[in-house]
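K.L.:
Here it is, the structure in full.
The values are calculated or read from the model by the stated rules, or taken from the named source; none is laboratory data. Computed from a predicted model, the values in this text were never measured in an experiment. Note that we place each Cβ from the backbone using ideal geometry, even for glycine, and neighbour counts take in every protein chain shown.
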Amino acid sequence: MRFATLASLLFACGILSGCGGGSYGGYKYKPYTVRGIRYEPLSPRAAIGYTEEGIASHYSEGFLIFPGKTALGESMYGWTTGAAHKTLPLPCRVRITNLRNGRSTVVRVNDRGPYVKGRIVDVTAPVAKKLGFYERGTAPVRIKVLSVGDGRYRIR
C-alpha cells in the first residue's frame, strides 16, 4: 500500500513538473538558424519598449491532445496562452493590439516563430480569440515589449 501511494505521488510530481516552466536560466537570446536563415534576437535591455507592427497568426489547436514544447522547453496545450516571436528575448511580456478592432491583451512570449514570410508573431488560439481574429486566422497587430524575463531575471 505504501509503495502504491509513493508511486502515485512520484507520477503526479512528474506530470506537474512537465506542465510548468522550463529549466532555462535567465534569458534566451543567442543567435540561431532556421531553414538557413540566421536570427539575432535583441538583448534583454534593448528589447524594453520595443514596438513592431505586422501580421499576427495563431497556432493550430493540435496541441490539445499532444502537447508541443516551446523554445524554453515548456509544455504547450490548446488551452494555454502564449506567443512566439523570432527576435525577442525569451521570456518576455508584450502587449498585442489588434489594429483592426482595437482589442489588446498582455501575453508571455515563450517560443520562436512564426517562420512564415510577413508574419511577426504567432499566438495561441485563446489569445487569437481574445483579440478577435481566431476565425480569420491573421490580423494586423502592434506589439510592445513591457518586460523581459521572469522572477529574479526581470527587467521593466
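K.L.:
In segment 93-133, how many residues are surrounded by fewer than 16 Cβ atoms within 10 Å (Cβ to Cβ) and more than 23 Å from Ile48 (Cβ to Cβ)?
P.N.:
Number satisfying all stated conditions: 10.
K.L.:
Still on this model: Restricting attention to segment 31-51, which residues are over 19 Å from Gly149 (Cβ atoms) and surrounded by 13 or more Cβ atoms within 10 Å (Cβ to Cβ)?
P.N.:
Tyr39
K.L.:
Consider Val123 carefully, then state whether it is among the β-branched types (Val, Ile, Thr), at pLDDT 95 or above and more than 25 Å from Ile37 (Cα to Cα).
P.N.:
Details: among the β-branched types (Val, Ile, Thr): yes; at pLDDT 95 or above: yes; more than 25 Å from Ile37 (Cα to Cα): no.
So Val123 does not fit the description; no.
K.L.:
Starting from segment 106-132, keep only residues that are free of Cβ contacts under 8 Å to residues at least 60 places away in the same chain, then list their pairs with residues that are assigned to a loop (DSSP other than H, G, I, E, B) and basic (Lys, Arg) whose Cβ atoms are within a distance under 6 Å, requiring at least 6 positions of separation or different chains.
P.N.:
Taking only residues 6 or more apart or on different chains, the pairs are Gly132/Arg103.
K.L.:
Just to verify a result, which residue in segment 51-105, among those that are hydroxyl-bearing (Ser, Thr, Tyr) and more than 21 Å from Val116 (Cα to Cα), is modelled with the lowest pLDDT?
P.N.:
From segment 51-105, those hydroxyl-bearing (Ser, Thr, Tyr) are 51, 57, 59-60, 70, 75, 77, 80-81, 87, 97, 104-105; that's our starting set.
Those left that are additionally more than 21 Å from Val116 (Cα to Cα): 75, 77, 80, 104-105.
Details: Ser75: 79, Tyr77: 74, Thr80: 86, Ser104: 98, Thr105: 98.
Among those residues, the one meeting the criterion is Tyr77.
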